[in-house]
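The values are calculated or read from the model by the stated rules, or taken from the named source; none is laboratory data. The shown structure was predicted, so the numbers you read here are calculated from the model rather than taken from an experiment. Neighbour counts are summed over all protein chains in view; Cβ atoms, including those assigned to glycine, are modelled from backbone coordinates with ideal geometry.
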Amino acid sequence: MATIVDVIFVGTGTSGAVPNISCLTHPDKKCKVCISAMTPEGRKNMKKNTSMIVRYKKNGDSPNARLRTVLIDCGKTFYDSALHIFPKYGIRELDAVVLTHGHADACYGMDGLRQWTLGGAVQKSIDIYLNDETMEVVQRTFPFLVDAKNATGGGDVATFNYKIISPDTPFTIEGLEFMPLPVHHGIYLSTGKPYWCFGFKMNDISYISDTNFIPEETMKRMLSSPNRVFVIDCLRSK
Ligand SMILES: [Zn+2]
Ligand SMILES: [Zn+2]
């Protein structure tokens with residue numbers, strides 16, 4: 001059991017992030033959003049890949065123990081986001097990273113986590129929770145993050161412990177239960193079948209970061225206990 005203390009939005013932007021460089025370099029300077037993102041007044045329009053940190057106390061932790069910290073997703077822009085968020089909120093150790101799916105905006109920042117584990121700078125290793133499909137993406141994309149023998153150069157790579165999760169089985173990280181909320185995230189263009197992404201329910205907080213359809217079963221699962229906060233991505237209405 002655990003008590004959630006806060007959640008921190010590491011990023012709330014699109015997969016490509018905002019501003020879009022092509023908008024900034026466009027001769028007509030038509031895109032007001034992207035142009036404004038580069039000004040102090042419009043900085044809130046600067047949006048990084050979607051990601052969230054949940055911080056909590058595990059039952060039995062001493063009152064002055066550091067907060068347990070889990071990062072959900074670690075996309076392309078993770079380093080840039082972490083540069084601002086981690087020092088600002090006094091975050092250092094990561095108890096785990098949970099990946100929602102295997103797209104670039106959800107996991108291509110994993111290499112940046114070497115700053116935590118190289119030489120045990122912050123910690124010896126980081127547990128990574130992901131499903132088998134995302135594991136395949138990581139294996140293909142970052143073979144050196146799965147087996148350091150695949151590294152080249154100086155061999156300075158992050159150290160991870162992979163934990164495979166499945167859509168219907170809750171898992172617990174340092175006392176906090178993560179209930180998977182499997183949702184559709186578009187389709188496989190090759191087969192037309194749905195591509196699945198994970199949302200998660202943690203106590204009374206539900207988080208779904210990348211979906212275009214929530215199946216009935218998942219909706220029931222989410223509503224089977226109270227929700228105080230519901231976070232969902234929203235790009236456009238149809
Ligand atoms: Zn733009
Ligand atoms: Zn995606």
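Could you go through region 135-148 and let me know if any residue there is surrounded by 17 or more Cβ atoms within 10 Å (Cβ to Cβ), touching a residue at least 12 places away in the same chain (Cβ under 8 Å), touching a Gly at 6+ places or on another chain (Cβ under 9 Å) and of a type in the set (Val, Ile, Thr).
yes
Is there a residue being more than 16 Å from ligand 1 (Cβ to nearest atom), under 26 Å from Lys48 (Cα atoms), assigned to a loop (DSSP other than H, G, I, E, B) and not basic (Lys, Arg) anywhere in region 171-186?
no
Residues to consider are Gly192, Gly154; find the one that is small (Gly, Ala, Ser), surrounded by fewer than 18 Cβ atoms within 10 Å (Cβ to Cβ) and under 25 Å from Ile232 (Cα atoms).
Criteria check complete, one pass: Gly192.
Counting only residues that are closer than 30 Å to Leu145 by Cβ and surrounded by fewer than 17 Cβ atoms within 10 Å (Cβ to Cβ), which one in region 62-74 is nearest to ligand 1 (Cβ to nearest atom)?
By that ranking, first place goes to Arg66.
If you go through region 196-218 one residue at a time, how many are under 21 Å from the mean Cα position of the chain (by Cα), more than 21 Å from Thr12 (Cα to Cα) and not β-branched (Val, Ile, Thr)?
1
What number of residues within region 104-163 satisfy the criterion of being among the hydroxyl-bearing types (Ser, Thr, Tyr), at pLDDT 95 or above and not in a helix (DSSP H, G or I)?
So the count comes out to 4.
Just to be sure I understand the filter: pairs with C-beta atoms under 8 Å, separated by 6 or more residues or on different chains, first member in region 79-104 and free of Cβ contacts under 8 Å to residues at least 24 places away in the same chain, second member in a loop (DSSP other than H, G, I, E, B). Which pairs pass?
So the pair list comes out as Phe86/Arg92.
Name the single residue, out of those in region 75-103 being assigned to a helix (DSSP H, G or I) and crowded, with 16+ Cβ neighbours inside 10 Å, that is farthest from ligand 1 (Cβ to nearest atom).
Phe86
Check whether at least one residue in region 31-51 is touching a residue at least 40 places away in the same chain (Cβ under 8 Å), within 14 Å of ligand 1 (Cβ to nearest atom) and closer than 25 Å to Ile91 by Cβ, and report yes or no.
No, region 31-51 contains no residue that is touching a residue at least 40 places away in the same chain (Cβ under 8 Å), within 14 Å of ligand 1 (Cβ to nearest atom) and closer than 25 Å to Ile91 by Cβ.
Among the residues of region 199-220, write down those that are outside any loop (DSSP other than H, G, I, E, B) and buried (at least 20 other Cβ atoms within 10 Å of the Cβ). Write out each step before concluding.
Start the filter on region 199-220 by keeping residues that are outside any loop (DSSP other than H, G, I, E, B), which leaves 199-202, 205-208, 213, 216-220.
Across region 199-220, the qualifying residues are Gly199, Phe200, Lys201, Met202, Ser206, Tyr207, Ile208, Thr218.
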